[in-house]
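The values are calculated or read from the model by the stated rules, or taken from the named source; none is laboratory data. This is a predicted model, so every value here is computed, not measured. Note that we place each Cβ from the backbone using ideal geometry, even for glycine, and neighbour counts take in every protein chain shown. SASA here: full protein model, heavy atoms, side chains in, ligands and nucleic acids out. Shrake-Rupley method; radii C 1.70, N 1.55, O 1.52, S 1.80 Å.
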Amino acid sequence: LPVSTSISIKFKLNKDTSWKYAVLGDRTTTYTQTDATVAIFNINRPAEVFEIGAELNPSGNTTPEILSITTYLANERSEF
């Protein structure tokens, strides 16, 4: 991440109408680590359908870039 920029990850589960924020390991929702290349956000909720959105928070003429998003799904099964 460039200096003074940040990212947040949002999600909607099971076609919900409102976005919620995914959390980092320290329970915050905004990642701000300068020069970072990897961030892990957690949803920690079961769902059959999930949508992911990214908020890029620029500073001046610089903005963060997301080159890829990888999802990890747990093996546990939840009945709906």
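Please work out which residue is most open to solvent (accessible area, probe 1.4 Å), limiting yourself to segment 1-14 and to residues that are closer than 21 Å to ASP35 by Cα, under 17 Å from the mean Cα position of the chain (by Cα) and not β-branched (Val, Ile, Thr).
Checked segment 1-14; the qualifying residue most open to solvent (accessible area, probe 1.4 Å) is LEU1.
Each row is one residue, and each column tells you yes or no for (1) acidic (Asp, Glu); (2) open to solvent by less than 50 Å² (accessible area, probe 1.4 Å).
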{"position": "ASP16", "(1), (2)": "yes, no"}
{"position": "ARG27", "(1), (2)": "no, no"}
{"position": "PHE50", "(1), (2)": "no, no"}
{"position": "LEU56", "(1), (2)": "no, no"}
{"position": "PRO64", "(1), (2)": "no, yes"}
{"position": "THR70", "(1), (2)": "no, no"}
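Inside segment 35-73, can you point out the residues that are in a strand (DSSP E or B) and under 29 Å from VAL3 (Cβ atoms)? Working first, answer last.
Start the filter on segment 35-73 by keeping residues that are in a strand (DSSP E or B), which leaves 42, 50-57, 59, 62.
Across segment 35-73, the qualifying residues are ASN42, ILE52, GLY53, ALA54, GLU55, LEU56, ASN57, SER59, THR62.
Condition check ((1) acidic (Asp, Glu); (2) touching a Lys or Arg at 6+ places or on another chain (Cβ under 9 Å)) across all residues:
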site: ASN14; (1), (2): no, no
site: LYS20; (1), (2): no, yes
site: THR34; (1), (2): no, no
site: GLU51; (1), (2): yes, yes
site: GLY60; (1), (2): no, no
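Looking at segment 43-70, which of its residues are modelled with pLDDT of 90 or more, among the polar types (S, T, N, Q) and closer than 18 Å to THR30 by Cβ?
Within segment 43-70, ASN57, SER59, THR62, THR63 qualify.
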